[in-house]
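Asker: The structure's right below; bear with me while I get my questions together.
The values are calculated or read from the model by the stated rules, or taken from the named source; none is laboratory data. Since the model is a prediction, treat every value here as computed from it, not as a measurement. Every residue, glycine as well, gets a Cβ built from its backbone with ideal geometry; the counts of neighbours run over all protein chains shown. For accessibility, only protein heavy atoms count, side chains too; no ligands or nucleic acids. Shrake-Rupley method; radii C 1.70, N 1.55, O 1.52, S 1.80 Å.
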Amino acid sequence: MRPLEIGDKVYNVTQDGFDDFKRYSFSVVVKLTKTLAILKNDVRLVNDPKPSYIMEDVGYSVYRQRGIHWHLVSLDAIRQAQIENKKIEAHDWFQHKKFTLKEKQYIYELFTKN
C-alpha cells in the first residue's frame, strides 16, 4: 500500500441499487497536497491507502465521504468496465428503439426457434 502519485490512474464504481448497472469512472491524479490527491475530474481523495475490499484490496476514500473509495486501475477493472459498458449500451439501445411490427415478428421468430 502506497500513497498516490501524480499520474496514477484510478477508478470508482457506483451502482444505484442491486438491479442497476455498475458505472465505472476513471481519472488521473494531477495534483498532490500534504494530505490529498486531486484528480483530473476535481475529486479530492485522502492520500492514505486503506484496506477496502469493495473492488480491490486497497482503496483511497473521497475527502469528506469516507464510504466512497477509488482504486488503482488494474487490467481486470478495465475489462469489467468494458463488459458493463456493453450491457449499458444494449440496454439503452432497446430503451430508445421503436420497433416496427415487421421487426417484432423477426425478433419473435428468432427467439421461438431456440
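Asker: Name the single residue, out of those in segment 34-44 being out of contact with any Ser or Thr (no Cβ under 7 Å at 6 or more places or on another chain) and touching a residue at least 12 places away in the same chain (Cβ under 8 Å), that is surrounded by the most Cβ atoms within 10 Å (Cβ to Cβ). Write out each step before concluding.
Answerer: Going through segment 34-44, the residues out of contact with any Ser or Thr (no Cβ under 7 Å at 6 or more places or on another chain) turn out to be 34-38, 42, 44.
Okay, now just the ones that are also touching a residue at least 12 places away in the same chain (Cβ under 8 Å), so 35-37, 44.
Values: Thr35: 12, Leu36: 17, Ala37: 24, Arg44: 16.
Checking each candidate, the answer is Ala37.
Asker: Further, regarding this structure: Say we look at segment 45-77 and pick out the residues that are β-branched (Val, Ile, Thr) and part of a strand (DSSP E or B); which of these is most open to solvent (accessible area, probe 1.4 Å)?
Answerer: If we filter segment 45-77 for residues that are β-branched (Val, Ile, Thr), which is where we start, we get 46, 54, 58, 62, 68, 73.
So of that shortlist, the ones also part of a strand (DSSP E or B) come out as 46, 58, 62, 68.
Working: Val46: 23, Val58: 40, Val62: 14, Ile68: 71 Å².
Taking the candidates together, the pick is Ile68.
Asker: Let me ask something else. Among the numbered criteria (1) modelled with pLDDT of 90 or more; (2) farther than 20 Å from Gly7 by Cα, which single criterion is violated by Ala37?
Answerer: Among (1) modelled with pLDDT of 90 or more; (2) farther than 20 Å from Gly7 by Cα, Ala37 violates only (2).
Asker: Only residues in segment 88-114 that are closer than 26 Å to Thr14 by Cα and in contact (Cβ under 8 Å) with a residue 24 or more places away in the chain count as the first member; pair them with residues that are surrounded by fewer than 10 Cβ atoms within 10 Å (Cβ to Cβ) and not small (Gly, Ala, Ser), Cβ under 8 angstrom, at least 6 apart or cross-chain, and list the lot.
Answerer: Hits for this filter: zero, empty list.
Asker: Related question: Can you tell me how many residues within segment 29-79 are closer than 13 Å to Asn12 by Cβ and polar (S, T, N, Q)?
Answerer: So the answer is 4.
Asker: Return the residue satisfying two criteria in turn: it lies in segment 78-114 and is under 24 Å from Asp19 (Cα atoms) and of a type in the set (Val, Ile, Thr), and of such residues it is least open to solvent (accessible area, probe 1.4 Å).
Answerer: Top of the filtered list is Ile88.
Asker: OK, next. Failed condition for Leu4, given (1) part of a strand (DSSP E or B); (2) open to solvent by less than 40 Å² (accessible area, probe 1.4 Å), with all others met?
Answerer: Status for Leu4: all satisfied but (1).
Asker: Has segment 82-99 got any residue that is under 17 Å from Met1 (Cα atoms) and assigned to a loop (DSSP other than H, G, I, E, B)? Can you show your working first?
Answerer: Here is the first cut: in segment 82-99, the residues under 17 Å from Met1 (Cα atoms) are none.
No, segment 82-99 has no match at all.
Asker: Limited to segment 17-33, what total is found for residues that are part of a loop (DSSP other than H, G, I, E, B), within 16 Å of Met55 (Cα to Cα) and open to solvent by 70 Å² or more (accessible area, probe 1.4 Å)?
Answerer: 2
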